[in-house]
1. Run the dipole for region 46-95 about the Cα centre, Lys and Arg Cβ at +1, Asp and Glu Cβ at -1, nothing else charged, and hand back the magnitude in debye, nearest 20.
2. Select from region 43-81 those chymotrypsin sites (Phe, Trp or Tyr not before Pro) which occupy a DSSP coil region and have at most 10 other Cβ atoms within 10 Å, ordered by residue number.
3. Given a 1.4 Å probe and every protein chain left where it sits, what share in percent of the accessible area of region 43-99 is carbon and sulfur?
4. Please work out the FRET efficiency for the pair ASP47 and GLN22, using the Cβ-Cβ distance as r and a Förster radius of 22 Å; give the result to the nearest 0.05.
5. Can you compute the FRET efficiency between ILE54 and ARG30 using 1/(1 + (r/R0)^6), with r the Cβ-Cβ distance and R0 = 25 Å? Round to the nearest 0.05.
6. Name the long-range amide H neighbours of VAL20: under 5 Å, sequence gap of 5 or more, or other chain; modelled H, no Pro or chain starts.
7. Pull up all non-local amide H partners of PHE103: gap of 5 or more, or a different chain, and H-to-H distance under 5 Å with H placed in the peptide plane.
8. Read phi for every residue in region 140-146 and hand back ³J(HN,Hα) as whole Hz from Karplus 6.51 cos²θ - 1.76 cosθ + 1.60, θ = phi - 60°, with x for Gly and Pro.
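The values are calculated or read from the model by the stated rules, or taken from the named source; none is laboratory data. Keep in mind it's a predicted model, so treat the numbers as computed, not measured. Cβ coordinates were reconstructed from backbone atoms using ideal geometry, including for glycine residues, and neighbour counts include every protein chain displayed. For the accessible areas, the whole protein counts, side chains as well, though only heavy atoms, and no ligand, DNA or RNA atoms are used. Shrake-Rupley method; radii C 1.70, N 1.55, O 1.52, S 1.80 Å.
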Amino acid sequence: MTDAASNAITVLIDADACPVKQEVYRVASRFKAEVRVVSNSPFRIPDSPRIRRIVVDDGFDAADDWIAEHADPRCIVITADILLADRCLKAGASVMAHNGKPFTVASIGSAVATRAIMEDLRAGMDGVGGGPPPFSKADRSRFLQELDKVMSTLSRQPPLSN
């Protein structure tokens, strides 16, 4: 994904339902990171040479597939999708949810299993059930702290070699 001659970090945003895009733009700018905003439909992004909008087709998981194909160890993937997080971790990327919760190789197995259990429970409840809790100021703050921490860590690592 990134140019092997540079130390650039790339942030890949699973953007259709991402509440922290503005925060990503701010932090990425400070670290001179590239940002790819991946979605099924176009929407406004800041006018910056480092931020690009990637609009994929309406196919099932098209945005997830694009992100997973472009994830590498110099990438930070922002997503709430556990299965996408798993795919990106396998590619060596750092992955975090919109609320700042990091997905790690150590935690992703239980997250995938919990997702499957919850999906089965919801299927048996005939449409009854809730979604995630409302996004809060604490979530936004935790996200900013975690993104800054991951960016700092990646910026100290040497560039990828061919």
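1. Values: 6 positive and 10 negative charges, 74 e Å.
Here region 46-95 has a charge dipole of around 360 debye.
2. Numbers: sites: PHE43, PHE60, TRP66; in loops: PHE43, PHE60.
Hits after loop and neighbour filter: PHE60.
3. Details: 1380 of 2860 Å².
Result for region 43-99: 48 percent of the exposed heavy-atom area is carbon or sulfur.
4. Working: r = 14 Å, r/R0 = 0.64.
Step by step, r from the Cβ atoms, then E = 0.95.
5. Details: r = 22 Å, r/R0 = 0.89.
Plugging the Cβ-Cβ distance into 1/(1 + (r/R0)^6) gives 0.65.
6. Placed amide hydrogens put nothing under 5 Å from VAL20.
7. VAL95, MET96, ALA97
8. 4, 5, 4, 4, 4, 5, 5
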